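Undergrad: Mind having a look at this structure? Questions to follow.
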Amino acid sequence: MQKQLPFTLSKSESFFEKLGDWIGDVFYDLLPEEGFEVRDEQIYMAFQLEKAFQENKVMFAEAGVGTGKTIVYLLYAICYARYKNRPAIIACADETLIEQLVKKEGDIAKLEKALQLNIDVRLAKSRDQYLCLNKLDQSVASSDVHMDVFHQLPDFVHTGISMQSFERYGDRKDFPQLSNDQWNEIAWDSLQDCFSCDQRHRCGQTLHRDYYRSSQDLIICSHDFYMEHIWTKEARKREGQLPLLPESSCVVFDEGHLLEYASQKALTYKLTEQTLETLLERLTANDVRDKTLNLIDESIIASEQFFEVLHDASEKTVGSDKQMIKKTPDVLAKGKKLASLLSDLEEELVFESELYVINEYDLKIVEGYLEQITYSLSLFLKELKGIIWFEEYEGKRTLVIMPRMVEDIMREEVFSQKKPFIFSSATLSENGSFSYIAKSLGIDEFLSFRVNSPFNYDEAMKIQIPSFPSVEEKCMYTVTQLMEAGGRGLVLFSNEEEQQQFKRHIREELPFPIYFEGDAEISTLVSKFQQEESAVLCSTHLWEGLDIPGSSLENVFIFSLPFPPHDPVFTAKRESTENSFEEVDIPYMLLRLRQGIGRLIRTHEDKGKVHILMNQNEPQKIIDLVHSVLPVSVSK
């Protein structure tokens, strides 16, 4: 049933004229009457967006921190979804931010109350944000580690009772007590074949999928999940599955400057040594022929040899888990041998499938993964225009291939659709031009506008830029400043290594709670940080999108200048430019710095201090560039 528009519309009236009148009423009358702080910049943005919806165009909407961008695009998205009778998709930068929109203190809840709107908003999370019943069953069969999770499950999951009445379950958010590593032991991963799983119809992920697909107003997801939907849509249709997302009326990319990275990430192919061995060993538990067993053994040995030479030919990079690979003759030879053996094994499995001696679920997983692996190896062995790297974490070794064809695919699969696409961010343009982001995403025609922040930063913000000879002294300074402020701080790190160094430094108990990203589910940590006024939150990812107004956040510490790592992805970007430091490193650092600073002042009442912790002997050119993007002068 189509939801009612928040204004009356007869058959003879123009939707956009009536929408424009209602938007005016909302910002000039309704929201101010409910105590909202309406800004001129926000009203300007509201009337600019109308053109993108009228003309079904891409629009780059660059609006400074505090403009109230979210409320503007939500109003348009809700109305347009109801007009078209299809949900609007709001894609946020990552999984850590999608909960921000729907929290009880968030903009959607505020709009519902102020405008008496019943907004149907549903979250579409990435697949690794859901519990896997198969992995949980395997875990509890071997240990008691996750027995509490098992006992939290609804009765219908394991009893086989009727599902006429059921509840959604299995969301990462339902288990805030688990660390990320603990969650990964029982969460969905790419080795699960959900389509042929016999627990599929009782699976929490399936129930969540069915739920959000029926949304009438808004579906909120991450950039990564939206891009996964785009890349898998046709394949899922061929397999008789529904696409991850339903047809939409419009798409909003919040923090849209980050979409390029999600696009590249979605195109990666991964080959993991342990995964390949585990899958092949699973086949040996079946009554397969000797020829197949010999091929499996040879493939496992070849895989070990290939990953050993890959390890030797790879070089670690600071601040990134992506290691550079040198394609030595030995690497190529071992890769070709593995590819040949796996190709032969694929042919043998065709014969095995006809004998019905292999568990069908296992066979489907292995065949699908082998097809992906052989394709990945073929890309690796070619001289392709792409990016490759090696990852090693807790003994788990992975080869990753990222073909660079984002621009063409985005042009064909995304922006060829005749619907509004809105990019919202405080940092979309480069020196006032949107051509860089448009070209990188294959966008040939677009609308755009820019509007500055409405805040008086001179009165609200102080910035200090101390310099330090060592990380240890940075840690000491940060703790001292937090002690003086009574907590109330956000500490932003450029990488996980920095965060762990700071965590090790805090040996004695502090007089306020301190939360570290990764120790529990992130939206739970953010909620605790907001509600416990003296708390401190440490993060590597919350440089953008975090909205904590009030006294809970009065200090932002930027632990180091956020330059991009020297990993294969950024190395490839550098290699495609004439002056990489000026065209890649500096713009990335300044953009991220501006985003980090923007976490402090969220309303006109907010006040606080930003601490940018520099290394000693930083070049004067870098110092001058940092000063050039600051909203206020540095305090003496």
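Undergrad: Condition first: over 23 Å from GLY598 (Cβ atoms) and assigned to a helix (DSSP H, G or I). Can you find one or more residues in segment 523-544 that meet it?
TA: First, the residues of segment 523-544 that are over 23 Å from GLY598 (Cβ atoms): 524.
Filter once more, keeping what is assigned to a helix (DSSP H, G or I): 524.
Taking every residue of segment 523-544 in turn, at least one turns out to be over 23 Å from GLY598 (Cβ atoms) and assigned to a helix (DSSP H, G or I).
Undergrad: Scan segment 553-590 for residues that are within 28 Å of TYR515 (Cβ to Cβ), touching a residue at least 60 places away in the same chain (Cβ under 8 Å), open to solvent by less than 40 Å² (accessible area, probe 1.4 Å) and not aromatic (Phe, Trp, Tyr) and report the count.
TA: The number of residues fulfilling the criteria is 9.
For every residue, the table says whether it meets (1) closer than 17 Å to GLU99 by Cβ; (2) touching a Gly at 6+ places or on another chain (Cβ under 6 Å); (3) open to solvent by 40 Å² or more (accessible area, probe 1.4 Å); (4) without any contact (Cβ under 8 Å) to a residue 60 or more places away in the chain.
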residue: SER179; (1), (2), (3), (4): no, no, no, no
residue: ASN184; (1), (2), (3), (4): no, no, yes, yes
residue: CYS203; (1), (2), (3), (4): no, no, no, no
residue: LEU218; (1), (2), (3), (4): yes, no, no, no
residue: LYS237; (1), (2), (3), (4): no, no, yes, yes
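Undergrad: Taking interchain pairs and intrachain pairs at least six residues apart, which have beta carbon atoms under 9 angstrom, with the first residue in segment 604-621 and basic (Lys, Arg) and the second open to solvent by 90 Å² or more (accessible area, probe 1.4 Å) and outside any loop (DSSP other than H, G, I, E, B)?
TA: Pairs that qualify, where the first residue is basic (Lys, Arg) and the partner is open to solvent by 90 Å² or more (accessible area, probe 1.4 Å) and outside any loop (DSSP other than H, G, I, E, B), are LYS607/GLU459; LYS607/LYS462; LYS609/LYS462.
Undergrad: Criterion first (in a loop (DSSP other than H, G, I, E, B) and open to solvent by 70 Å² or more (accessible area, probe 1.4 Å)) does GLU412 satisfy it?
TA: Numbers: in a loop (DSSP other than H, G, I, E, B): no; open to solvent by 70 Å² or more (accessible area, probe 1.4 Å): yes.
When the stated conditions are applied, GLU412 does not pass them.
Undergrad: Now, a different point. Kindly check whether there is at least one residue in segment 456-477 that is part of a strand (DSSP E or B), touching a Ser or Thr at 6+ places or on another chain (Cβ under 6 Å) and either among the polar types (S, T, N, Q) or surrounded by fewer than 19 Cβ atoms within 10 Å (Cβ to Cβ) (or both).
TA: Yes, the conditions are met somewhere in segment 456-477.
Undergrad: A further question follows. Restricting to segment 303-331, name every residue that is in a helix (DSSP H, G or I) and open to solvent by 50 Å² or more (accessible area, probe 1.4 Å).
TA: We begin by selecting, within segment 303-331, every residue in a helix (DSSP H, G or I); these are 303-312, 329-331.
GLU304, GLN305, GLU308, HIS311, ASP312, PRO329, ASP330 - these are the residues of segment 303-331 that are in a helix (DSSP H, G or I) and open to solvent by 50 Å² or more (accessible area, probe 1.4 Å).
Undergrad: Tally the residues that are outside any helix (DSSP H, G or I) and within 19 Å of GLN4 (Cβ to Cβ), restricting the search to segment 97-138.
TA: Step one: filter segment 97-138 for residues outside any helix (DSSP H, G or I), giving 103-106, 116-126, 130-132.
Checking which are within 19 Å of GLN4 (Cβ to Cβ) leaves us with 116-122.
So the count comes out to 7.
Undergrad: What number of residues within segment 22-46 are assigned to a helix (DSSP H, G or I) and in contact with a helix residue (DSSP H, G or I) (Cβ under 7 Å, 6 or more places away or on another chain)?
TA: Adding up the residues that qualify gives 9.
Undergrad: Related question: Can you confirm whether GLN501 is of a type in the set (S, T, N, Q), in contact with a Cys (Cβ under 9 Å, 6 or more places away or on another chain) and open to solvent by 40 Å² or more (accessible area, probe 1.4 Å)?
TA: Details: of a type in the set (S, T, N, Q): yes; in contact with a Cys (Cβ under 9 Å, 6 or more places away or on another chain): yes; open to solvent by 40 Å² or more (accessible area, probe 1.4 Å): yes.
It is true that GLN501 is of a type in the set (S, T, N, Q), in contact with a Cys (Cβ under 9 Å, 6 or more places away or on another chain) and open to solvent by 40 Å² or more (accessible area, probe 1.4 Å).
Undergrad: Would you confirm whether any residue within segment 250-259 is closer than 18 Å to SER440 by Cβ, buried (at least 18 other Cβ atoms within 10 Å of the Cβ) and among the small types (Gly, Ala, Ser)?
TA: Yes; the residues of segment 250-259 include at least one that is closer than 18 Å to SER440 by Cβ, buried (at least 18 other Cβ atoms within 10 Å of the Cβ) and among the small types (Gly, Ala, Ser).
Undergrad: Among the residues of segment 415-437, is any out of contact with any strand residue (DSSP E or B) (no Cβ under 9 Å at 6 or more places or on another chain), among the charged types (D, E, K, R), open to solvent by 60 Å² or more (accessible area, probe 1.4 Å) and under 30 Å from ALA63 (Cα atoms)?
TA: Looking for residues that are out of contact with any strand residue (DSSP E or B) (no Cβ under 9 Å at 6 or more places or on another chain), among the charged types (D, E, K, R), open to solvent by 60 Å² or more (accessible area, probe 1.4 Å) and under 30 Å from ALA63 (Cα atoms), one finds at least one in segment 415-437, hence yes.
Undergrad: In the set LEU283, LEU276, LEU293, which member is farther than 28 Å from THR571 by Cα, in contact with a Ser or Thr (Cβ under 7 Å, 6 or more places away or on another chain) and either open to solvent by less than 10 Å² (accessible area, probe 1.4 Å) or at pLDDT 95 or above (or both)? Spell out how you get there, then give the answer.
TA: Values: LEU283 fails: in contact with a Ser or Thr (Cβ under 7 Å, 6 or more places away or on another chain); LEU293 fails: either open to solvent by less than 10 Å² (accessible area, probe 1.4 Å) or at pLDDT 95 or above (or both).
The match here is LEU276.
Undergrad: Between LEU49, LEU97, LEU115, which is farther than 22 Å from LEU259 by Cβ and open to solvent by less than 40 Å² (accessible area, probe 1.4 Å)?
TA: On the way: LEU49 fails: farther than 22 Å from LEU259 by Cβ; LEU97 fails: farther than 22 Å from LEU259 by Cβ.
Step by step, each of LEU49, LEU97, LEU115 is checked, and only LEU115 is farther than 22 Å from LEU259 by Cβ and open to solvent by less than 40 Å² (accessible area, probe 1.4 Å).
Undergrad: Next question. Within segment 52-79, which residues are touching a helix residue (DSSP H, G or I) at 6+ places or on another chain (Cβ under 8 Å), open to solvent by 10 Å² or more (accessible area, probe 1.4 Å), outside any loop (DSSP other than H, G, I, E, B) and not β-branched (Val, Ile, Thr)?
TA: GLN54, LYS69
The values are calculated or read from the model by the stated rules, or taken from the named source; none is laboratory data. All figures in this text were calculated on a predicted structure; none of them were measured in a lab. FYI the Cβ positions are ideal-geometry reconstructions off the backbone, even for glycines, and counts take in every protein chain you see. Please note that ligands, DNA and RNA were not included when accessible areas were found on the heavy atoms of the full protein model with its side chains. Shrake-Rupley method; radii C 1.70, N 1.55, O 1.52, S 1.80 Å.
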